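In what follows, a single structure is set out as structure tokens and then discussed.
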Amino acid sequence: MILLLFSLASMSPRQVDTTAASGAARPARPVIDIAIERRVAESLDLRIGDTVRLGSTPDSLDTPARVTAIYEPAADPATVLRRDLRVRLHLPDLAALLGAPDRVDRFGLRLAPGAPADSVVRRLNAAAFGYRAYGSSEIASGSSQTFSVISRFHRAIAVISVTASAIFLLCIMLLKVEERRLDAAVLRFIGIRRRTIFLALLLEAAIVAAIGSTAGAGVAFLASAATNAYYQRFFDTQLIFSLVTPAIVRFSLALSLVLGIGAGALAGARLVRTRPLVLWGRG
């Protein structure tokens with residue numbers, strides 16, 4: 001990690017006058033061009049054309065730099081919590097600033113379309129010593145271990161929640177059907193078949209499940225929008241923290257219908273198997 005220190009200064013476009021501790025004037029350094037992140041510009045009140053001093057230590061702020069661009073970095077979940085402030089320099093300028101020419105920590109290669117990444121990685125690693133080449137998929141897998149653990153944790157919570165909600169739904173349907181005991185008894189007395197009563201209860205359960213799942217999807221969209229609005233403002237990023245996809249909505253609707261119809265079927269079957277006189281309270 002490279003720490004660059006900033007110092008605001010007013011100076012001429014191409015030179016800066018500095019004086020050494022001994023009183024001898026040092027040669028003016030040329031002004032380099034830099035690009036700064038939007039958050040850097042906002043926190044330091046910088047605009048394109050402003051000039052700053054750069055250095056790797058507090059006592060070495062002797063490199064003048066002119067802001068030539070302000071950019072918005074790509075949203076990266078691996079770095080959003082660190083809230084790093086970024087500055088981009090041309091590679092020769094960065095090497096001169098750090099006093100380490102011809103040295104890099106890492107760099108990326110973009111392959112031509114169709115080039116086998118695994119084969120290129122093997123050839124690069126066998127070509128020389130002193131570096132190690134990795135494929136983008138390998139880097140992504142290594143840097144996303146934390147998110148994989150969080151994903152599995154959320155999946156476990158989802159399974160527990162669905163199981164608990166299914167039990168709760170079954171209890172609600174049983175109570176709802178118990179309230180229809182007299183109605184079912186009257187229907188049985190006037191000659192309505194058990195199958196018809198069962199299908200009517202099943203249809204009612206399906207309608208209730210469909211309405212409930214639709215309302216739940218609406219609540220999920222609102223909660224997701226509120227979550228993104230809060231955390232995007234808190235971290236000052238465009239990263240999406242909560243996403244409700246069509247696949248999630250379809251799965252939720254299907255699961256709600258299956259659970260609702262299943263609970264309705266169990267409760268309805270229990271009701272229609274009971275004798276009419278028992279339902280009427282006379283058996």
Quiz item: Which residue, GLU37, GLU179, GLU72, tops the fluctuation ranking in a GNM of the chain built on C-alpha contacts under 10 Å?
Solution: GLU179
Self-check item: Principal axes of segment 50-152: Cα extent on each, largest first, Å
Solution: 44, 39, 27
Exercise. Can you tell me the FRET efficiency between VAL149 and ARG195 if r is taken as the Cβ-Cβ distance and R0 is 45 Å, rounded to the nearest 0.05?
Key: 0.35
Quiz item: Per-residue ellipticity at 222 nm for the chain, helices alone: DSSP H runs ≥ 4 residues times -39500 (n - 2.57), over residue total, nearest 500 deg cm²/dmol?
Solution: -18000 deg cm²/dmol
Exercise. Among DSSP beta bridges whose residues both lie in the chain, state the antiparallel percentage, nearest 5.
Key: 65
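Going by how many other beta carbons lie within 10 Å of each one, how would you line up TYR231, TYR131, fewest first? Intermediate results must be reported in sequence, preceding the final value.
On the way: TYR231 15, TYR131 11.
The fewest-first ordering by Cβ neighbours comes to TYR131, TYR231.
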Exercise. Report, by chain and number, residues whose modeled amide H sits under 5 Å from the one on ASP62, excluding near sequence neighbours (fewer than 5 apart, same chain).
Key: LEU54
Quiz item: Among SER252, SER151, SER119, whose mean-square fluctuation peaks in a Gaussian network model of the chain (Cα, cutoff 10 Å)?
Solution: SER119
Practice problem: Compute the FRET efficiency between VAL258 and SER119 as 1/(1 + (r/R0)^6), taking r as their Cβ-Cβ distance and R0 = 35 Å, and round to the nearest 0.05. | Solution: 0.15
Quiz item: Per-residue HN-Hα couplings for segment 61-74, Karplus 6.51 cos²θ - 1.76 cosθ + 1.60 at θ = phi - 60°, whole Hz, x for Gly and Pro?
Solution: 7, 10, 10, x, 9, 10, 6, 10, 7, 10, 10, 9, x, 5
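Give, as a single signed number, the net charge of other residues whose beta carbon lies under 13 Å from the beta carbon of VAL121, with Lys and Arg counted +1 and Asp and Glu -1.
On the way: positive: ARG122, ARG123, ARG132; negative: ASP118, GLU138.
So the surrounding residues net to +1.
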Self-check item: Principal-axis tilt of helix 194-235 within the chain, Cα atoms, nearest 10 degrees
Solution: 20
Self-check item: Among LEU266, THR51, SER119 - extreme Cα towards positive end, dipole of the chain, charges at beta-carbon
Solution: LEU266
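Past the 16 angstrom mark, what percentage of all C-alpha to C-alpha distances in segment 167-280 do you count?
Details: 4219 of 6441 pairs.
For segment 167-280, the share of Cα pairs beyond 16 Å comes to 66 percent.
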Exercise. Would you calculate the separation in nanometres between label points at LEU44 and LEU98, each defined as 7 Å from the Cα along the Cα-to-beta-carbon direction?
Key: 1.8
Quiz prompt | Cα long-axis angle, helix 145-178 against the chain (0 to 90 degrees, to the nearest 10) | solution = 20
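Order by neighbour count: LEU222, LEU89, fewest other Cβ atoms within 10 Å first, most last. Before the final figure, lay out the partial values.
Numbers: LEU222 11, LEU89 20.
Ranked by crowding around the Cβ, least crowded first: LEU222, LEU89.
Under unit Cβ charges (Lys, Arg +1; Asp, Glu -1), what dipole magnitude, rounded to 20 debye, does the chain have relative to its Cα centre? Could the numbers behind the result be given before it?
Values: 33 positive and 21 negative charges, 377 e Å.
Approximately 1820 debye in magnitude.
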Quiz item: How high is the FRET efficiency between THR227 and ALA127 when r is their beta carbon distance and R₀ equals 51 Å, given to the nearest 0.05?
Solution: 0.60
Quiz prompt | Lys/Arg +1, Asp/Glu -1 at C-beta; the chain dipole; positive extreme among THR63, SER161, SER151 | solution = SER161
Quiz item: How do LEU94, LEU253, LEU277 rank when sorted from fewest to most other Cβ atoms within 10 Å of their own Cβ?
Solution: LEU277, LEU253, LEU94
Quiz item: In degrees, nearest 10, range 0 to 90: what is the angle between the Cα axis of helix 246-272 and the longest Cα principal axis of the chain?
Solution: 20
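Laboratory data are not the source of any read-out in this text; all were calculated from the coordinates shown. Only a predicted model underlies this, so the values are computations on that prediction, with no experimental measurement involved. All Cβ positions, even for glycine, are placed from backbone atoms using ideal geometry, and neighbour counts span all protein chains on display.
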